[in-house]
1. Under a 1.4 angstrom probe, counting protein chains only, how are 168, 200 ranked by accessible area, largest first?
2. Which value, in Å² and to the nearest 10, is the accessible area of residue 193 when all protein chains are kept and the probe is 1.4 Å?
3. For residue 241 and residue 120, calculate 0.36 nm times their separation in residues minus their Cα-Cα distance, and state this gained length in nm to one decimal.
4. Please work out how much length the chain gains when fully extended from residue 109 to residue 203, using 0.36 nm per residue of separation minus the C-alpha to C-alpha distance, in nm with one decimal.
5. Using a 1.4 Å probe and counting only protein heavy atoms, arrange 103, 144, 69 so the residue with the most accessible area comes first.
6. Let me test this: with uniform point scatterers at the alpha carbons of the stretch 182-244, what is the Debye-based log₁₀ I(q)/I(0) at q = 0.17, 0.25, 0.28 1/Å?
7. Could you work out the longest stretch of the chain that avoids the GluC sites (Glu not before Pro) located in DSSP loops with at most 14 other Cβ atoms within 10 Å?
8. Need one value: the accessible area of residue 107 in square angstrom, 1.4 angstrom probe, rounded to the nearest 10.
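The values are calculated or read from the model by the stated rules, or taken from the named source; none is laboratory data. Keep in mind it's a predicted model, so treat the numbers as computed, not measured. In this analysis, Cβ positions are derived from the backbone assuming ideal geometry, glycine residues included, and neighbour counts consider all displayed protein chains. Areas reflect the complete protein model, heavy atoms only, side chains present, ligands, DNA and RNA absent. Shrake-Rupley method; radii C 1.70, N 1.55, O 1.52, S 1.80 Å.
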Amino acid sequence: MRKQIAAANWKMNLTLQQANELLDEITNKNISLSPDQQVVFGVPFPYLLLASEKVKSNAGYFIAAQNCYNQASGAYTGEVSAVMLSSCEIGFVIIGHSERREYFWEDNEMLAQKVDICLSNGLKPIFCCGEPLEIREAETQNAYVETQIKESLFHLESSALHNFVVAYEPIWAIGTGKTASAEQAQEMHAHIRSVFAQKYGNDIAESISILYGGSVKANNANEIFGKKDVDGGLVGGASLKADEFAEIIKGLK
Ligand code: PGA
């Protein structure tokens, strides 16, 4: 069975002290996970090693970086490479979040390079896709998301997609409190899975975890995660509160 994942995306929030406390609070709850469930904390770069240390005795808990650069090393002041993350034994990298696409001009081609460099360094990308409001209103979201996937991922060999993670995050639902309905999420997730199935076959498509992101909270996680093609969530605001995120973890199927 593909993994069911509760992934926190802290974004640019929390001081070191607050990060410490939050990780302690959540890990001390000792929420037991089934072998198919995982918890991932997407933390800012300076906290990666600390966070790894904190979760290492909790089975099924992992750390993600929120980004990496598309080059292995060199004169790129301020950037962090997949090679570096891998040497720090980080498991996952969030790639192509809509905030990076918007504020840092990351396009589908650059994201394809980032996915490649993550995979070749043993890092699992959490590849984000999702449409802005005007695309949803024009009812062209399926084609829009399909293009994001094709342009950034369809060059991959099928073996690279085993246990791959995709996060569908409709931009109009991020940080707005306006969640996609569980039905809207399921509809898009099924579409995304069918896009992979057409290119790579059913077995690969069925092995990909597709997370929903956009105003996931303790009070809606269970319903959204309960849908057949929704394999957990990528959670922003609600992942910054220990009790709330703990409930979200418990909402995994
Ligand atoms: P949100 O953010 O849960 O605060 O809407 C989700 C995300 O951007 O990953």
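1. 200, 168
2. 10 Å²
3. So the extension gain works out to 40.2 nm.
4. 31.2 nm
5. Ranked list, largest accessible area first: 103, 144, 69.
6. Calculated log10 I(q)/I(0) at the listed q: -0.58, -0.98, -1.12.
7. 158-253
8. Residue 107 exposes around 80 Å² with every protein chain in place.
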